[in-house]
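Single-structure report; data block below.
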Amino acid sequence: MICGLVVLLIASVVNAQNTCSNEDCIRKPWCPEPWKKSQCLGSSGELGTDSVLATGNEKITWHAGMASHSHYSLISNRTALFVIDAQKVYSACPEGEPAVESLIADPSTENFDGHSPLCCEKFGSVITNINRIANHARSLGVPVFLHSHVYRDFDGDGEVDNCGRICDFDALGWTGWPMAWNLWNAAFPWHTNVYKTEEITKGFDANFETDYYAEKSTYSALTKPVLKKLKLLGVDTIVITGFMAQFCSVTTSRHAHDLGFRVVYVNDANDGPQLLQLLSGVDENEFIPFSLGIAVADISSTDEVIENMKTAFTG
Ligand SMILES: *[C@@H]1O[C@H](CO)[C@@H](O)[C@H](O)[C@H]1NC(C)=O
């Protein structure tokens, strides 16, 4: 009897250990707390390549003078919301009206304030709009994907292992910044996701139980694991929000379009760095949506997305 109990106990201990040496049970660095592990899709720099079969027959028609156009309907069981790179690298602005000089001030500057040179002047309003769309999406069962651009040192040699060609570029070297790509290096503070908390009101209000979380090292958020999940869910329409407008937002929009997804780019829920606008004299929030709207994506405002997003069961 005692013997049987001991055997049973040992068996259950071995069993528990077995379950816990399982891959699924170890929390990977790319699945940070407090994400529920089942919601983490991985860290990937491999682009998804399987096309989706375009369904439906809705046309985007421009109105006279090309001032506006019609919109896709956003049916809840075929739509996903992408929130791209809501990270500190885009939220940490210097005090006051950002100017080139204050934006490029590097970490060795006296009294360095921890800002990022890629701070986006509209981070706060964009996040507010994203939270409005995400709340509405969740209420209709539309899946929300939070993407995050992070370079990690997987083998512990002190160097990031998944930076790809972006590490060829040192755009800010002249300013004293230690290679601009370090802004997404997991070893530095700027890569962290900006979540809404009691102190941080302008943060993404994540649902760590039901939203999905995926890290990427490519400009497109449509990596292999993300595309696999979208296909499983039967998604053929993607709503694009986040940062930076002229890099990950636009590349994801174009990649999704090329794969056959219907793309909705939300023009007041994406933004790019103030520094680029100051240096180039081009407002990305004018140029990008206009170009995409011609024949890549439906350009909608936050209000329009919320109005157009409907349940599949209208009865
Ligand atoms: C979505 O719901 C509609 C209406 O119930 C149904 O006809 C359609 O097959 C569903 N599509 C998917 C991808 O589940």
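Restrict the check to region 149-163 and report whether at least one residue is modelled with pLDDT of 95 or more and outside any loop (DSSP other than H, G, I, E, B). Yes; the residues of region 149-163 include at least one that is modelled with pLDDT of 95 or more and outside any loop (DSSP other than H, G, I, E, B). Within region 77-136, if we keep just the residues that are open to solvent by 50 Å² or more (accessible area, probe 1.4 Å) and within 16 Å of the ligand (Cβ to nearest atom), the residue that is nearest to W177 (Cα to Cα) turns out to be R78. Given the structure, is L227 under 16 Å from the mean Cα position of the chain (by Cα) and within 16 Å of the ligand (Cβ to nearest atom)? So L227 fits the description; yes.
In region 151-179, the residues that are open to solvent by less than 70 Å² (accessible area, probe 1.4 Å) form Cβ pairs under 6 Å with partners that are in a helix (DSSP H, G or I) and among the hydrophobic types (A, V, I, L, M, F, W, C), at six or more places apart or across chains, as follows: Y151/W184; C163/W181; I166/W181; C167/W181; L172/A180; T175/I104. If you check S70 against the conditions, is it more than 27 Å from T210 (Cβ to Cβ), away from the ligand (no atom under 16 Å from the Cβ) and hydroxyl-bearing (S, T, Y)? Taking the combined requirement at face value, the residue satisfies it.
Residues are listed down the side, and each one gets a yes or a no for (1) touching a Phe, Trp or Tyr at 6+ places or on another chain (Cβ under 7 Å); (2) at pLDDT 95 or above:
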position	(1), (2)
G48	no, yes
T55	no, no
A67	no, no
I75	no, yes
H115	no, yes
C119	yes, yes
I130	yes, yes
H136	no, yes
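Would you mind stating whether T197 is closer than 20 Å to Q39 by Cβ and either away from the ligand (no atom under 16 Å from the Cβ) or within 12 Å of the chain's Cα centre (by Cα) (or both)? Yes, satisfied. Within region 81-96, the residues that satisfy the criterion of being out of contact with any Asp or Glu (no Cβ under 9 Å at 6 or more places or on another chain), small (G, A, S) and not in a helix (DSSP H, G or I) are A86, G96. Where strands (runs of 3 or more DSSP E) fall wholly inside region 201-315, the ranges with 2 or more residues that are touching a residue at least 24 places away in the same chain (Cβ under 8 Å), among the charged types (D, E, K, R) and under 23 Å from C40 (Cα atoms) are 212-216.
Scanning region 180-190 for residues that are within 19 Å of the chain's Cα centre (by Cα) and open to solvent by 30 Å² or more (accessible area, probe 1.4 Å) gives W181, A186, F188, P189.
Here is a list: V296, V266, V239. Which entry is among the aliphatic types (A, V, I, L, M) and either surrounded by fewer than 23 Cβ atoms within 10 Å (Cβ to Cβ) or over 23 Å from T61 (Cβ atoms) (or both)?
After applying the criteria, what remains is V296.
Yes/no matrix, rows are residues, columns are (1) β-branched (V, I, T); (2) away from the ligand (no atom under 16 Å from the Cβ):
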position	(1), (2)
T251	yes, yes
L259	no, yes
V264	yes, yes
D268	no, yes
L279	no, yes
G293	no, yes
V296	yes, yes
M309	no, no
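Restricting attention to region 242-263, the residues that are touching a strand residue (DSSP E or B) at 6+ places or on another chain (Cβ under 6 Å) and open to solvent by 30 Å² or more (accessible area, probe 1.4 Å) total 1. If only residues of region 277-288 that are within 20 Å of the chain's Cα centre (by Cα) and surrounded by fewer than 22 Cβ atoms within 10 Å (Cβ to Cβ) are counted, the one that is farthest from V126 (Cα to Cα) is E284. Name every residue in region 37-67 that is open to solvent by less than 50 Å² (accessible area, probe 1.4 Å), assigned to a loop (DSSP other than H, G, I, E, B) and among the small types (G, A, S), in order of residue number. G45, G48, listed by residue number.
The values are calculated or read from the model by the stated rules, or taken from the named source; none is laboratory data. Here the structure is a predicted model, which means the values were calculated and not measured. Glycine gets a Cβ as well: all are built from the backbone with ideal geometry, and neighbour counts include every protein chain shown. Side chains are part of the model used for accessible areas, which takes the heavy atoms of the whole protein and leaves out ligands, DNA and RNA. Shrake-Rupley method; radii C 1.70, N 1.55, O 1.52, S 1.80 Å.
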